[in-house]
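This report concerns only the one structure given below.
The values are calculated or read from the model by the stated rules, or taken from the named source; none is laboratory data. A quick note: this is a predicted structure, and the numbers were derived from the prediction, not measured. Counting neighbours? That spans all protein chains shown, and the Cβs are built from the backbone with ideal geometry, glycine included.
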Amino acid sequence: MDMNQYLDIFIEESKEHLQSMNQILLKLENNHGDIDMINEIFRVAHTIKGMAGTMGYTHTAHLTHEMENALQLVRSGEIEINASIIDVLFQCLDKLEKYVLEVETKGNEGDDDSVGLIKLIKKTIHKNDEENVNEKNEIAAALNIDRIKVGIHVENAVKKAWEKEYNTYLIGVELSKKCMLKAARAYIVINELERLAEIIYSNPSIEDIEDEKFDLEFQLIVITKVDEKVISNKLKNVMEIESISIVDLKKNNVLQIDKVDDNSLDFDGDTKFTDDVNIDVNTVQNQRNKVDAEKKISKPKIGKTVRVDIERLDNLMNLVSELIIIKTRLEDIDSDGTNPNIHEATEYLERITTSLHDSVMKVRMVPVERVFNRFPRMVRDLAKELGKEITLKMQGQETELDRTVIDEIGEPLIHLIRNSIDHGIEQPSLRVTLGKPKEATVELIAYSDGNSVVMEVADDGAGINLETIRNKAVERSLILNEERQTMGDEDVIKLLFNAGFSTANEVSDLSGRGVGLDVVRTKIESLGGNIEVNTTLGKGSRFIIRLPLTLAIIQALLVKTSSEKYAIPLNSIKEITSINESKIREIQGNEVVLYRNETLPIKRLAGIFNVESELANYENQDEKIIVIVKKGDKTIGIVVDDLIGQQEVVIKSLGKYLANIKSIAGATILGNGSIALIVDTNSFF
């Protein structure tokens, strides 16, 4: 059987399960006694083991098997969870993520086995009570499983069988790795056993075995009159079985009773007891019905979803983009409105394309939780490495962004969080001296703001020392010594985003290499966003990132300068006004105007793009049309010749040779087939 057809499913589902394990481990670290979390980690490990075993990934299967063994001892109360065990589980998580990454990039797990890590697991678990644990697991080791956890009703059935002097066996079956049809082979084993005994327990459930949702191993508990030799001889005749282990439950106590009947569903749904065995069936069945009813009530509603390759969504978005361009062209053809039929059809097409665009955009939207989920573990590890106590608080994980933006924003956020932890947060002893809580806080917040999404990274640390930045800037000849006192705070903070600028005195694994904030700014601006910083010395800093919802289709204002048309993104426009030419003043080579009692810098679009005016009396016009654009709290007025109107435009890349042209964010195709450049207003500030 070709397993490559299931490779993508294995990778995606493994990533989801590992992310879930990561989140649960972080919660468990603060609440060691939560048995529900331990059970959930056990289930995740068991699921990954089954998937890996089916795909033939032995390293992953062996490691998750050992994790199950460790977690089972915790679940049974034989050992207590502690920081050492959690650290080892985190190491297991890292190793599993590495295996999945290897499978994704190379198609196999690689040669790095987990023998050393498995030894560490055993050493960590057994160090307190090694002899006791080994004794309890001696029988289970023969089955290559840990102690079996069953419901109280299974225990009662076993005890009644003992009273009637029947034999009870725990049978472990391991199929051959060459077995092609696991479910069919397991069915033969079960069918043979049912001729000799009554099966009262199956792990995994009979339904899962039929659906091949199991590794190469499964376990059964049976009640029978025959002895284990008869069962062994019968099963030995079944082909493609690697090994069979049979344990007499009366002689060897390997059952672990689950008081809440957590494993009730592991029963075979078709199990029946003969009159000859004479066990109280009603007690068992009533208990099962009760558990089934509780499970049914608490079972969450499962949404209907389908996995779609992102390239298909990109292709769909491109087709919608072309449709919008055609719609714009039809509007230009019917610009005079003389043909009512064309006008009506165009309006209807516009409604359809707008709805289609909105639908495609919703499909492409992904919660920022996808990015945020990686940071709790990162903060935990960095805090331990630096000897700091830090709590990460996250808000707005449900906020949605376009998939293309989500994929790119992770790296800048990593830089900012590492920067806050390393530079911003003080050591616990110093925080106590300063009258601050010993435990610092880093906040990661996301929220929608109009057509933008805002992300904030804040900390309650030392803040940014502007005087230190001035000194470093003078030392590196970025500014003159005379400028240091005349520079405003905002201009000083801008120096942090210069390439290679760092205030760290030493180079470490986390900082001091002169990379970080310049990478952050470059990446964010390439996404059409901007970043600003608010800081108070001694109280902390806040980095605010503002991003567009999408990078593909935007609402823009078309303007005209000379004979050229330009598109200004609507989300960057604050307002449009007109100002008399005589009110514009020149200060230190820059044009400004007093507007609403504030100084408004002025930029002329004709001057920025070096185009000559074709208007007869352009220089003598008294009234100038001003488009006021914003970046955070700052504003600039852009002088244009004329306004064409608002239009939905498709952003097209200029290609790698023209990608770094200042003041241009891209281009769009207008309805008449001509090209309009999209203005990058962030470059004006």
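Check whether at least one residue in segment 188-205 is of a type in the set (Gly, Ala, Ser), under 34 Å from the mean Cα position of the chain (by Cα) and not in a helix (DSSP H, G or I), and report yes or no.
yes
Of the residues GLU16, GLU102, which single one is touching an Asp or Glu at 6+ places or on another chain (Cβ under 6 Å) and free of Cβ contacts under 8 Å to residues at least 12 places away in the same chain?
Answer to the check: GLU102.
Would you tally the residues in segment 431-467 being under 18 Å from ASN534 (Cα atoms) and in a loop (DSSP other than H, G, I, E, B)?
6
Looking at SER76, SER20, which is the one that is hydroxyl-bearing (Ser, Thr, Tyr), over 20 Å from the mean Cα position of the chain (by Cα) and over 24 Å from GLY116 (Cβ atoms)?
SER76
Which ones in segment 516-530 are closer than 15 Å to LYS494 by Cβ and touching a residue at least 60 places away in the same chain (Cβ under 8 Å)?
Within segment 516-530, GLY516, LEU517, VAL520, ILE524, GLU525, ASN530 meet the criteria.
Just to be sure I understand the filter: pairs with C-beta atoms under 7 Å, separated by 6 or more residues or on different chains, first member in segment 420-432 and without any contact (Cβ under 8 Å) to a residue 24 or more places away in the chain, second member of a type in the set (Gly, Ala, Ser) and not in a helix (DSSP H, G or I). Which pairs pass?
ARG431/ALA440
Tell me, yes or no, whether segment 149-159 has at least one residue that is part of a loop (DSSP other than H, G, I, E, B) and not hydroxyl-bearing (Ser, Thr, Tyr).
no
Hey, among the residues in segment 626-680 that are hydroxyl-bearing (Ser, Thr, Tyr) and either in a strand (DSSP E or B) or not assigned by TED's automatic domain parsing to the domain that holds SER578 (or both), which one's nearest to SER582 (Cα to Cα)?
THR635
Are there any pairs with C-beta distances below 7 angstrom linking a residue in segment 201-213 that is more than 10 Å from ALA183 (Cβ to Cβ) and in the same structural domain as VAL173 (by TED's automatic domain parsing) to a residue that is of a type in the set (Asp, Glu) and in a helix (DSSP H, G or I), with the two at least 6 apart or on different chains, and if so which?
Going by the 7 Å Cβ cut-off, the qualifying pairs are TYR201/ASP266; SER202/ASP266; ASN203/ASP266; PRO204/ASP266; SER205/ASP266.
Going by the structure shown, is ASP336 modelled with pLDDT under 80 and either surrounded by 13 or more Cβ atoms within 10 Å (Cβ to Cβ) or assigned by TED's automatic domain parsing to the domain that holds ILE675 (or both)?
So ASP336 fails the test.
Considering ILE602, ILE568, which residue is free of Cβ contacts under 8 Å to residues at least 40 places away in the same chain, closer than 19 Å to LYS662 by Cβ and assigned to a strand (DSSP E or B)?
Within the list ILE602, ILE568, the selection yields ILE602.
Given the conditions (1) within 22 Å of PRO412 (Cα to Cα); (2) modelled with pLDDT of 90 or more; (3) surrounded by fewer than 18 Cβ atoms within 10 Å (Cβ to Cβ), which single one is not true for ASP449?
Exception for ASP449: condition (2).
Could you tell me how many of the residues in segment 390-400 are in a loop (DSSP other than H, G, I, E, B) and surrounded by 15 or more Cβ atoms within 10 Å (Cβ to Cβ)?
3
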